[in-house]
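Enquirer: Just dropping this structure here.
The values are calculated or read from the model by the stated rules, or taken from the named source; none is laboratory data. The structure presented is a predicted model; accordingly, all values stated were derived computationally and were not measured. All Cβ positions, even for glycine, are placed from backbone atoms using ideal geometry, and neighbour counts span all protein chains on display. Areas reflect the complete protein model, heavy atoms only, side chains present, ligands, DNA and RNA absent. Shrake-Rupley method; radii C 1.70, N 1.55, O 1.52, S 1.80 Å.
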Amino acid sequence: MSGSALFRPTFTDLRAEVERRISSDASPETIAALIDEFLAAGGDMPAPLIEYDGAVTWLFRCATAQSVSVVGDIFGYRPDQTRMTRLQGSDLFYLTTYLPLDAHIAYAFAVDVPEAKVRMHWLDRCTPDPLNPQRIIMTNPLRVMSVLDMPGAAPLISGCDTLAETPMFAGMHVVWSAALGCWRRLWVYLPPGYDPATRRYPTVYLLDGEAYLLSAQLPLMLDLLIEQNEVSPVIAVLIEPPPVRVSSAVGLRFVVDDVVPWIDARYATSHDPLDRIIGGADEHATRALTIALQRADVFGGALAQSPQMPPTRRIAALLDRRDPHRGDAPRCYVDVGRYDDPAAVESTQALCSVLVSGGAVVSYQEFAGGRSFAGWRVTLPDALRFHFGASSLASLA
């Protein structure tokens, strides 16, 4: 965020001045010019307005809108609870909320949303913030949202400021799934210098791959981490999820029986389970973790970002089935947003306790965000370092 956004007249000053001029019968053109001048004072990132105590004032201009709401991380997706107020005599809507000073927020404006509408039917029509150039692509539904990194937020890895200008994947395949009875897309990332004649590469499989492609821009992230020698060269397989919700058994067969053999037959992958990791975010994190523990003969670990309602009893049962004399304990990276629902944080912590008690090697962290890729993309490099960091380089020799 531009430092200039912290040193400007406050919104309270603007509102007071607008009210004063309206009482003096100022013209709409005069009020509009006053607002233009106020917004221009913010420099290269004029909005939202952030105060030193974490107060954030969201601004949206629209002369024809009847109602505008802010929706997104932390404050949720209930337009009726986050309605903005129109500034008297102007086209400017505003809402002031308080956010943690270290938070990563993805948000958008819901304009004239009927209260009875189902969330998924209006979310794809939300409007990103015209006053904020920082944006992120989200999926399910496909949409563009704005990103607010509060002044104390952790930065993305070095070089990620060029994400928008960089090609985002190496290739796409369409694969028939016998388990699902339909075609699915796979996006495959190959590391720089990929040479199938000289080595076998570890592989990370990510469920809901389109989100990791578009929202996290994983291929560029891996390019940077490999170039900086922070992770070993790794192949990434980004998997399109099933078209409808399927049972866990069918989902497992789709990945293990359809996707993994297809990839192994076409790319120079290591067939050692310790060199295969499966991961995902939200509900896909839970599924990835369960698959890894059910099929330790295929996957040596999991990458679980904000697992949704983790079935701790089932996880404990799967760990109990493992041979205690095996030296390949599952390696599990788990994270959760500290500003997510408190119950989600508590259940994730309980999950990690179960994993550790069952003999798994666990890396756990809480990030300053809610439940979206605005936070997951910040912690994803840590997950990749955990699974494919310096210790993995020896396996490629």
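Enquirer: Relative contact order for the chain: what is it in percent, counting Cα pairs under 8 Å that are at least 6 residues apart?
Expert: Result for the chain is 12 percent.
Enquirer: A follow-up question, please. Can you tell me how much longer the chain between Ala154 and Glu283 gets when fully stretched, taken as 0.36 nm per residue apart minus their C-alpha distance, in nm with one decimal?
Expert: 43.9 nm
Enquirer: Could you give the length gained on full extension between Trp262 and Ala249, defined as 0.36 nm per residue of separation minus the Cα-Cα distance, in nm?
Expert: Between Trp262 and Ala249, full extension yields 2.8 nm more.
Enquirer: Next question, about the same structure. How far apart, in nm, are the 7 Å Cα→Cβ label points at Val356 and Ser27?
Expert: Each label point lies 7 Å from its Cα, and together they span 6.9 nm.
Enquirer: Looking at Ile239, Leu59, Ser90, which one has the Cα that reaches farthest to the positive end of the dipole of the chain (charges on Cβ: Lys, Arg +1; Asp, Glu -1)?
Expert: Ile239
Enquirer: Here is a follow-up. Taking the simple approach of a point 7 Å from Cα along Cα-to-Cβ for both Thr97 and Tyr52, what is their distance in nm?
Expert: 2.5 nm
Enquirer: Taking the Cα centre of the chain as origin and charging only Cβ (+1 Lys, Arg; -1 Asp, Glu), how large is the dipole, in debye to the nearest 20?
Expert: My answer is approximately 1200 debye.
Enquirer: Considering only DSSP beta bridges where both residues belong to the chain, give the percentage that are antiparallel (nearest 5).
Expert: 60 percent
Enquirer: Now, a different point. What net charge is computed for the residues neighbouring Tyr107, neighbours being all others with C-beta under 11 Å from the C-beta of Tyr107, Lys and Arg scored +1, Asp and Glu -1?
Expert: -1
Enquirer: Mind checking which of Leu289, Tyr267, Val256 is farthest towards the positive end of the range 242-323's charge dipole, using Cβ charges of +1 (Lys, Arg) and -1 (Asp, Glu) about the Cα centre?
Expert: In the range 242-323, that residue is Leu289.
Enquirer: Hey, another quick one. If each DSSP helix of 4+ residues adds -39,500 (n - 2.57) and the sum is divided by the residues in the chain, what number results at 222 nm, nearest 500 deg cm²/dmol?
Expert: It comes out at -8500 deg cm²/dmol, rounded to the nearest 500.
Enquirer: For the chain, take every pair of Cα atoms, bin their distances at 20 Å starting from 0, and report each bin as a whole percent.
Expert: 26, 51, 20, 3, 0
Enquirer: Taking the Cα atoms only, what angle lies between the long axis of helix 11-23 and the longest principal axis of the chain, rounded to 10 degrees?
Expert: Roughly 30 degrees between the two axes.
Enquirer: Let's test the formula: R0 of 45 Å, r as the Cβ-Cβ distance of Ala343 and Asp36. What FRET efficiency results, to the nearest 0.05?
Expert: Given R0 = 45 Å and the Cβ-Cβ separation, E is 0.50.
Enquirer: I would also like to ask the following. Kirkwood Rh over alpha-carbon pairs of the range 49-145, then Stokes-Einstein at 10 °C and 1.306 mPa s: what D in µm² s⁻¹, rounded to an integer?
Expert: 114 µm²/s
Enquirer: Out of the trypsin sites (Lys or Arg not before Pro) in the range 238-308, which ones are loop residues according to DSSP with at most 14 other C-beta atoms within 10 Å?
Expert: Arg245
Enquirer: Further question: Probe of 1.4 angstrom, ligands and nucleic acids ignored: what's the accessible area per residue over the chain, in square angstrom?
Expert: 44 Å²
Enquirer: Between Glu19 and Arg313, what length comes free when the chain is fully extended (0.36 nm per residue of separation minus the Cα-Cα distance, one decimal in nm)?
Expert: Full extension of this stretch gives 99.9 nm more.
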